[in-house]
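A.B. asks: Below you will find the structure I want to go over with you.
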Amino acid sequence: MNDQHIICTCEDITRQQVIDAVQAGHHDFRSLRRELNIAAECGNCHRPILQLIRTLVPRPNPLIKPLTMSENNHPARHFPMPWKHFSHAKLEQEYSPSSCVDDIMVYIQDYIDDSATAKIQLPHQASLSYGDDRCQGIDYFPGKSGASLVIYIHGGYWQELSKDESCFMAQPIVAKGYHLAVIDYTLAPCASINTMVQQCCQAIAWIKQQDWDINQQEIILSGSSAGAHLAACVLQAAASNEQGLHAQLFSQAILFSGVYDLRPLVTTYVNDPIGLDITSAHALSPGLASNQSMPYCQLVWGANETSEFKRQSQQYASFLATDGVAVSSLEVPNRNHFDVVYELADLLNS
């Protein structure tokens, strides 16, 4: 390959410049970005530069604990806390997604109706047990032979909804040839968030053992709201080769409107059935952890969301980029917290 090839079009940085910087000791993207003066918001160069770093500097698996195991070993990360200065009423409003819509039930009814239609019109296998009888298992919609698999984790603030209302995106996804698996997990107060993370990991490990006609190298993880948080926790478990997962398992992740720092929720109504304290909220916050060996991540949110939900995704995307994870961010016009996930099928090729 031509070492004078431009690898970062924003700054006209060549492949040879990257090689020279890596050989000079800049072995991670954060250090490399400082050395070559790559703009923090530059997204064009992440993937080719990271691939080059991995070629030149083989890395062992990171020796970090997954979130599900780290309640007494908090990772060091400063996640900004503007919410500390909110009144209690303002804090609850910012972390209430329904505050931005006239009637949340319009969207919930769409979930229900579109999921029911998908199950009527598409071949599928319902409520496949992955080994935990406390929840309803997995709904699987097959796609084309050898195509990619999308795994979706539903939202509902860890206390509402299920897979039964969360197959609403099945028709456009299957129409594009993809397979789809929708995971169920036990809700609060019957289960802790820690248990939910473990169940999602267990479900995905079970999926890997099936003889589904999928491309095993193209497994895409997605989630919305609380499901985006759980998906981020799954990514970290996989990056650490924990919970039956491994770092090369996912080809990418698409996370919609997640909460990646749970500490603001501790004093809100959201926490009533969950029972977090600051210690457990910290331990279960992927935004407070270091992130390595993670796949390309898309962080997506709707234009009509609260400032805190937008900030959570923006901040998490920034941290992922700082840690060398290939990441992109997207605010979708004319979408809110509840309907932005309908964009999933369109984002699969982006």
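The values are calculated or read from the model by the stated rules, or taken from the named source; none is laboratory data. Note that this is a predicted model, so its numbers are computed, not measured. FYI the Cβ positions are ideal-geometry reconstructions off the backbone, even for glycines, and counts take in every protein chain you see.
A.B. asks: Being under 30 Å from Ser285 (Cβ atoms) and either at pLDDT 95 or above or not assigned by TED's automatic domain parsing to the domain that holds Gln202 (or both) is the filter here; which residues of segment 132-155 pass it? Let's see the steps before the verdict.
C.D. replies: Step one: filter segment 132-155 for residues under 30 Å from Ser285 (Cβ atoms), giving 132-139, 148-155.
Gly137, Ile138, Asp139, Ser148, Leu149, Val150, Ile151, Tyr152, Ile153, His154, Gly155, listed by residue number.
A.B. asks: Return the only residue of Asn334, Asn291 being part of a loop (DSSP other than H, G, I, E, B) and out of contact with any Ser or Thr (no Cβ under 8 Å at 6 or more places or on another chain).
C.D. replies: Values: Asn334 fails: part of a loop (DSSP other than H, G, I, E, B).
Checking each option against the conditions leaves just Asn291.
A.B. asks: I want to confirm something. Restricting to segment 287-299 and keeping residues that are buried (at least 24 other Cβ atoms within 10 Å of the Cβ) and modelled with pLDDT of 95 or more, which single residue is farthest from Gln93 (Cα to Cα)?
C.D. replies: Filtering segment 287-299 for residues that are buried (at least 24 other Cβ atoms within 10 Å of the Cβ) and modelled with pLDDT of 95 or more, the one farthest from Gln93 (Cα to Cα) comes out as Cys297.
A.B. asks: Return the residue satisfying two criteria in turn: it lies in segment 183-198 and is under 18 Å from the mean Cα position of the chain (by Cα) and not polar (S, T, N, Q), and of such residues it is surrounded by the most Cβ atoms within 10 Å (Cβ to Cβ). Walk me through it before giving the result.
C.D. replies: From segment 183-198, those under 18 Å from the mean Cα position of the chain (by Cα) are 183-185, 193-198; that's our starting set.
With not polar (S, T, N, Q) added as a condition, the list becomes 183-185, 193, 196-197.
Numbers: Ile183: 30, Asp184: 25, Tyr185: 27, Ile193: 24, Met196: 26, Val197: 26.
Residue satisfying both the conditions and the ranking: Ile183.
A.B. asks: Related question: Which residues, taken from segment 106-154, are closer than 20 Å to Ala226 by Cα and under 21 Å from the mean Cα position of the chain (by Cα)?
C.D. replies: Answer for segment 106-154, where residues must be closer than 20 Å to Ala226 by Cα and under 21 Å from the mean Cα position of the chain (by Cα): Tyr111, Gly137, Ile138, Asp139, Val150, Ile151, Tyr152, Ile153, His154.
A.B. asks: Shifting gears a bit: Tell me, please, whether a residue that is over 19 Å from the mean Cα position of the chain (by Cα), modelled with pLDDT under 95 and assigned by TED's automatic domain parsing to the domain that holds Leu288 can be found in segment 171-182.
C.D. replies: no
A.B. asks: Can you find even one residue in segment 278-295 that is under 19 Å from Ala247 (Cα atoms) and touching a strand residue (DSSP E or B) at 6+ places or on another chain (Cβ under 8 Å)?
C.D. replies: Yes, segment 278-295 contains at least one residue that is under 19 Å from Ala247 (Cα atoms) and touching a strand residue (DSSP E or B) at 6+ places or on another chain (Cβ under 8 Å).
A.B. asks: From the residues in segment 307-329 that are out of contact with any Phe, Trp or Tyr (no Cβ under 6 Å at 6 or more places or on another chain) and more than 20 Å from Ala226 (Cβ to Cβ), which one is surrounded by the most Cβ atoms within 10 Å (Cβ to Cβ)?
C.D. replies: For segment 307-329, the residue satisfying everything is Val327.
A.B. asks: Follow-up question, since we're still on this one. Restricting the first residue to segment 315-335 and requiring it to be assigned by TED's automatic domain parsing to the domain that holds Ala239, which pairs with a second residue that is surrounded by fewer than 17 Cβ atoms within 10 Å (Cβ to Cβ) and part of a helix (DSSP H, G or I) meet a Cβ separation below 6 Å and a spacing of at least six or different chains?
C.D. replies: Every condition considered, the pairs that remain are Thr322/Arg30; Ala326/Arg47.
A.B. asks: Can you spot a residue in segment 105-122 that is assigned by TED's automatic domain parsing to the domain that holds Leu249, in contact with a Ser or Thr (Cβ under 9 Å, 6 or more places away or on another chain) and loosely packed, with under 14 Cβ neighbours inside 10 Å?
C.D. replies: No, segment 105-122 contains no residue that is assigned by TED's automatic domain parsing to the domain that holds Leu249, in contact with a Ser or Thr (Cβ under 9 Å, 6 or more places away or on another chain) and loosely packed, with under 14 Cβ neighbours inside 10 Å.
A.B. asks: Any residue in segment 237-257 that is in the same structural domain as Glu218 (by TED's automatic domain parsing) sitting within a Cβ distance under 6 Å of a residue that is polar (S, T, N, Q) and crowded, with 24+ Cβ neighbours inside 10 Å? List the pairs, counting only those 6 or more apart or interchain.
C.D. replies: These pairs meet every condition: Ile254/Ser222; Phe256/Ser224; Ser257/Ser225.
A.B. asks: Oh, and also: Do we find that Gly177 is assigned to a strand (DSSP E or B) and more than 20 Å from Gln292 (Cβ to Cβ) in this structure? Explain how you work it out, then say what you get.
C.D. replies: Details: assigned to a strand (DSSP E or B): no; more than 20 Å from Gln292 (Cβ to Cβ): yes.
When the stated conditions are applied, Gly177 does not pass them.
A.B. asks: Something else now. Given Ile274, Ile204, Ile254, which one is closer than 24 Å to Pro333 by Cα and β-branched (Val, Ile, Thr)? If you could, list the steps in order and put the result at the bottom.
C.D. replies: Numbers: Ile274 fails: closer than 24 Å to Pro333 by Cα; Ile204 fails: closer than 24 Å to Pro333 by Cα.
Of the residues listed, the single one that is closer than 24 Å to Pro333 by Cα and β-branched (Val, Ile, Thr) is Ile254.
A.B. asks: I'd like the full set of residues that are among the acidic types (Asp, Glu) and free of Cβ contacts under 8 Å to residues at least 24 places away in the same chain, limited to segment 89-112. Break it down stepwise before answering.
C.D. replies: Just the residues of segment 89-112 that are among the acidic types (Asp, Glu), to begin with: 92, 94, 102-103, 110.
Of everything in segment 89-112, those that are among the acidic types (Asp, Glu) and free of Cβ contacts under 8 Å to residues at least 24 places away in the same chain turn out to be Asp102, Asp103.
A.B. asks: Of all residues in segment 331-350, which are crowded, with 18+ Cβ neighbours inside 10 Å and more than 21 Å from Tyr178 (Cα to Cα)?
C.D. replies: Val332, Arg335, Asn336, His337, Phe338, listed by residue number.
A.B. asks: Could we say that Gly223 is outside any helix (DSSP H, G or I), buried (at least 23 other Cβ atoms within 10 Å of the Cβ) and touching a strand residue (DSSP E or B) at 6+ places or on another chain (Cβ under 6 Å) here?
C.D. replies: Numbers: outside any helix (DSSP H, G or I): yes; buried (at least 23 other Cβ atoms within 10 Å of the Cβ): yes; touching a strand residue (DSSP E or B) at 6+ places or on another chain (Cβ under 6 Å): yes.
When the stated conditions are applied, Gly223 passes them.
A.B. asks: Determine which member of the set Asp164, Asp211 is assigned to a loop (DSSP other than H, G, I, E, B) and on the phi < 0 side of the Ramachandran plot.
C.D. replies: The unique qualifying residue is Asp211.
A.B. asks: I would also like to ask the following. Given Gly275, Gly302, which one is at pLDDT below 95 and either part of a loop (DSSP other than H, G, I, E, B) or in the same structural domain as Phe86 (by TED's automatic domain parsing) (or both)? Let's see the steps before the verdict.
C.D. replies: Details: Gly302 fails: at pLDDT below 95.
After applying the criteria, what remains is Gly275.
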